[in-house]
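Throughout, read-outs are computed from the coordinates displayed, never taken from laboratory work. Here the structure is a predicted model, which is why all the values come from computation and not from measurement. So basically every Cβ, Gly included, is an ideal-geometry build from the backbone, and we count neighbours across all protein chains shown.
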Amino acid sequence: MKKLIPLLFAILFGHFTYSQIVVTNADVVGKGNIVVQSNDENPDGSIQPGEAGADMSWDFSALAGTSNDTMAFMDPAQTPFADEFPMANLAIDISDSGFLYVERNDDRMALVGLAVEIDTLGEFRADVDPAQSMVEFPLEYGNTYSGTSEMTFHLEYNQTGIDSIRIKQTMNINREADAWGEMSIPMGTYNVLRVHQTSTITDSVWVKSFLGWNFVYRFENNIDSYSWWSTDAGTGFVIATLSMDESGNVMNATYMKSEVSQGTNELNIDDALVKVYPNPAENNLYFEFDKTFDGRVQILDLTGRIIDSKQTDGLKTSFNLVGQTQGVYFYRVINNNSASSYTGKLIKR
């Protein structure tokens, strides 16, 4: 009988090993947090979205990223373009690409604008009208959402015969929280809620010449993706996303590289762990190494001009930013032996 009781418990309750989560505003990372995501552009064949439903299991431990993206969540007032997006109460600095401006409350997180830089096109800013919902609260199994939003970009082209370009992007989004269960990624195992999203993005393009504005073309793109949310204290965000191609095959995967941190960037330069903090910084910026590192650290402005440079001093190097203009800068950590480097963005406030 003593052996039978544990066996009965295992049979009756063993199936209920996962818990169904509900994501609220309080569960999601906010100002001062940093999320590092890794990109796997050729995921292992075992990485599949699987079926919809309850009490599911996903093993994504085979994910192996080839590049990282850092998202720093901050007060919009700490960014250069806060005045252009007065509705935003949260800004997200996306690696070296720019800023997303978000309105966040107990009902939703929604994109209200962006200021980004695109290769070959340069920097541009746009309002999103109406705001594009990123997640609705409370997010729970069975929730659905549909919405449409638009944003318009104006680009100075300065080529013969063309003065500027205008692009209007219309986004139609449908999503459903269609599964819940447990997911394993390289950094751990978590209770998750899966969101399946399909989007149709239509780009309409006009060019301005001496003849005035002329419509050029319209392009439509369909996007299918799956994202897994966790409420675990170490995540508080999307821990994995799969992007699908038109045939339903996994095209790309992103996943959380490390647990969310508080105002500290963690990066690896040839296996040397480097902590960079605080970011945003007001007076002093620190670089801490987990072992002796033969290298140098540079601070650069937006034009790429080096405004300060130091050889690493043992396990810690610091910079005094007093006197520098508030705004966006870059830092670069360089290994003297291998010439490998890492470049990140910092905010001086």
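Side notes on the structure shown:
- Placing +1 on the Cβ of every Lys and Arg and -1 on the Cβ of every Asp and Glu, with nothing else charged, gives the chain a dipole about its Cα centre of roughly 640 debye.
- Kirkwood-Stokes translational diffusion coefficient of the stretch 265-348, alpha-carbon pairs, 4 °C, 1.567 mPa s, µm²/s: 102
- Residue 213-residue 326 pseudo-label distance in nm [points 7 Å out on the Cα-to-Cβ vector]: 3.5
- Cut-off 14 Å (backbone N to label point 7 Å along Cα→Cβ of residue 155), residues of the stretch 123-143: 123-126
- For residue 349, net neighbour charge (Lys/Arg +1, Asp/Glu -1) across residues whose Cβ lies under 10 Å away: -1
- Rg/Rh, computed from the Cα trace of the chain with Rh as the Kirkwood radius, has the value 1.01.
- Residue among 187, 216, 201 farthest towards the positive dipole end of the stretch 163-270, charges placed on Cβ: 216
- Ranked by how many other beta carbons lie within 10 Å on average, peptides 67-74, 203-210 from highest: 67-74, 203-210
- Among 103, 84, 51, the largest mean-square fluctuation in a Gaussian network model of the chain (Cα springs under 10 Å) belongs to 51.
- Electrostatic tally near residue 52: other residues with Cβ closer than 14 Å to its Cβ, Lys and Arg +1, Asp and Glu -1, net -3.
- Filter on 275/348; 31/275; 168/345; 275/310; 257/316; 168/348 - keep pairs with C-alpha separation over 27 Å: 168/345; 168/348
- For 154, 196, the sequence from fewest to most other C-beta atoms within 10 Å is 154, 196.
- The order of the peptides 300-309, 106-115 by mean Cβ neighbours within 10 Å, most packed first, is 106-115, 300-309.
- Positive minus negative residues near residue 137 (Lys, Arg vs Asp, Glu; Cβ under 10 Å): -3
- Debye log10 I(q)/I(0) at q = 0.20, 0.23 Å⁻¹ for the stretch 129-202, Cα point scatterers: -0.90, -1.02
- Neighbour-count order for 27, 44, 83, fewest beta carbons within 10 angstrom listed first: 83, 44, 27
- Cα gyration tensor shape for the stretch 188-289, rounded if a/c is under 1.5, else prolate or oblate: oblate
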